[in-house]
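Inspection log for the structure reproduced underneath, given as structure tokens.
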Amino acid sequence: MPTNSLMERAAVAMSGGVDSSTAALLLKEAGCDLIGLSMRLWDPRRNDEGTENACLHATRCCSPDDLYDARAAAERIGIPCYVADFRKEFEDFVVRPFVEEYLRGRTPSPCVHCNSHLKFDRLTRLAEESGADRIATGHYARIVFNEQNGRYMLRKARDKNKDQSYFLFGLTQKQLARALFPLGELTKKQVREIARRSGLPTAEKAESQEICFVPDGDYAAFVERYQPPDGSRPAATPPPGEIIDFAGRVLGVHKGIHHYTIGQRRGLGIAHSEPLYVLEIRLLQNTVVVGERRLLGRSRCMVERPNWIAISDLTKPLRVTAKIRSRNTPAHALIEPCRDGEDGGVTVTFDTPQAGVTPGQACVFYQDEIVIGGGWISSA
């Protein structure tokens, strides 16, 4: 972190997990004037309305238990911790777009939106109102300042198994200039050891592996029962339709396009000589196209609404490695400004065809450990 950061007041986003708790501890031990801020984003009881599972997931991310754990950790560290009610913002910027994307036959990445719109936008503004100059989180990533081009650079974390730079590609230069990632140089094992040694109550807390507002992982069921507080509904739930192959032959019937994502194999209900995968979702025709795994590869995709970090804009072809999903291995590719004049769009051409190129997912560009930028896959 910059050497002058400890002369400033900082706010740390405390989620109630071991990572954010340890980030706060490290900053406090370094002498930082620190306050904790926790976000109330989602009421877990909404997941179970009308079911027999009320409060079943009350201990998962965004639950009251997490807020309690955050406050307990803050008390142990010796800093004040305040709770901000961002439920409306979370609904508007994360949950509703998540549902709308599935209804369009796309597969969203809500954690990116949560970082950009809440943790590093709304929470940063709240931190400013509290007199804090910086915002810190428990993300595994690093920030460096490039004196040659005057830009803040986002780097992968030291622990490559925990690196979260993919989810942070949407951060602006202003946001990066004020962000602190105290865990960027540490491994997860080291973070646990620090938390245990300091007696943090979150030291042994398990990590949440699912999207916080869909803790059971059943995205389609969530989309079907979703009802925002204002009583509106983004669109009608897609009806059943045909499952076809590339030749147009009808192979079966799907349950609604929101049940499927590119690369999916399970749940198709089709007997075939080889395993079948979802190759394409055609919204207008309400059809799901399937085929053998060898047909999954895509050599090119279009990316919309890019955000650039290491460069101010993409004006000419650039060699990068591109990640089409957070856990995918980066693939060598050439990125170019769209020739058709599409607003800021990018054409990505992979050296080797990639399986699972999925509209709605983020595509993030790297050069070695540096995040060049990224955007949203619009077509493959």
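Overview of results
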quantity: Region 266-279, subset within 26 Å of the chain's Cα centre (by Cα) and modelled with pLDDT of 95 or more, residue nearest to Pro240 (Cα to Cα); calculated: Val278
quantity: Boolean, Ala333 is over 24 Å from Gln148 (Cα atoms) and modelled with pLDDT under 95; calculated: no
quantity: Residue list for region 71-97, restricted to those being touching a Pro at 6+ places or on another chain (Cβ under 8 Å) and buried (at least 21 other Cβ atoms within 10 Å of the Cβ); calculated: Ala73, Ala74, Val94, Val95
quantity: Glu369 being modelled with pLDDT under 95 and out of contact with any helix residue (DSSP H, G or I) (no Cβ under 7 Å at 6 or more places or on another chain); calculated: no
quantity: Helices (runs of 4 or more DSSP H) contained in region 47-130 and holding at least 1 residues under 27 Å from Arg325 (Cα atoms), modelled with pLDDT of 90 or more and under 16 Å from the mean Cα position of the chain (by Cα); calculated: 87-90, 96-103, 110-114
quantity: Subset of region 19-42 [part of a helix (DSSP H, G or I), in contact with a Ser or Thr (Cβ under 7 Å, 6 or more places away or on another chain) and of a type in the set (Val, Ile, Thr)]; calculated: none
quantity: Sole residue being of a type outside the set (Asp, Glu), under 24 Å from the mean Cα position of the chain (by Cα) and surrounded by 12 or more Cβ atoms within 10 Å (Cβ to Cβ), chosen from Ile243, Ile262; calculated: Ile262
quantity: Breaking point among (1) farther than 30 Å from Asp92 by Cβ; (2) buried (at least 19 other Cβ atoms within 10 Å of the Cβ), for Tyr219; calculated: (1)
quantity: Subset of region 355-366 (residues that are more than 19 Å from Pro317 (Cα to Cα), out of contact with any helix residue (DSSP H, G or I) (no Cβ under 8 Å at 6 or more places or on another chain) and surrounded by 22 or more Cβ atoms within 10 Å (Cβ to Cβ)); calculated: Val357, Thr358, Pro359, Gln361
quantity: Test: residue in region 299-318 that is over 13 Å from Val346 (Cβ atoms) and without any contact (Cβ under 8 Å) to a residue 40 or more places away in the chain; calculated: no
quantity: Residue within region 357-369 that is among the hydroxyl-bearing types (Ser, Thr, Tyr), more than 22 Å from Arg104 (Cα to Cα) and free of Cβ contacts under 8 Å to residues at least 24 places away in the same chain present; calculated: no
quantity: Selection from region 172-206 of residues that are of a type outside the set (Val, Ile, Thr) and farther than 26 Å from Gly31 by Cβ; calculated: Gln173, Glu204, Lys205, Ala206
quantity: Residue ranges of strands (runs of 3 or more DSSP E) in region 266-326 with at least 2 members under 30 Å from Ala157 (Cα atoms); calculated: 298-308, 318-323
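Residues are listed down the side, and each one gets a yes or a no for (1) assigned to a loop (DSSP other than H, G, I, E, B); (2) modelled with pLDDT under 95; (3) assigned by TED's automatic domain parsing to the domain that holds Glu101; (4) among the hydroxyl-bearing types (Ser, Thr, Tyr):
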{"position": "Phe167", "(1), (2), (3), (4)": "no, no, yes, no"}
{"position": "Leu183", "(1), (2), (3), (4)": "yes, no, yes, no"}
{"position": "Leu186", "(1), (2), (3), (4)": "yes, no, yes, no"}
{"position": "Glu210", "(1), (2), (3), (4)": "yes, yes, no, no"}
{"position": "Asp216", "(1), (2), (3), (4)": "yes, yes, no, no"}
{"position": "Ala221", "(1), (2), (3), (4)": "no, yes, no, no"}
{"position": "Gln227", "(1), (2), (3), (4)": "yes, yes, no, no"}
{"position": "Ser232", "(1), (2), (3), (4)": "yes, yes, no, yes"}
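The values are calculated or read from the model by the stated rules, or taken from the named source; none is laboratory data. Since the structure is predicted, the reported quantities are computational estimates derived from the model, not experimental observations. Every residue, glycine among them, receives a Cβ derived from its backbone with ideal geometry; neighbour counts consider all protein chains shown.
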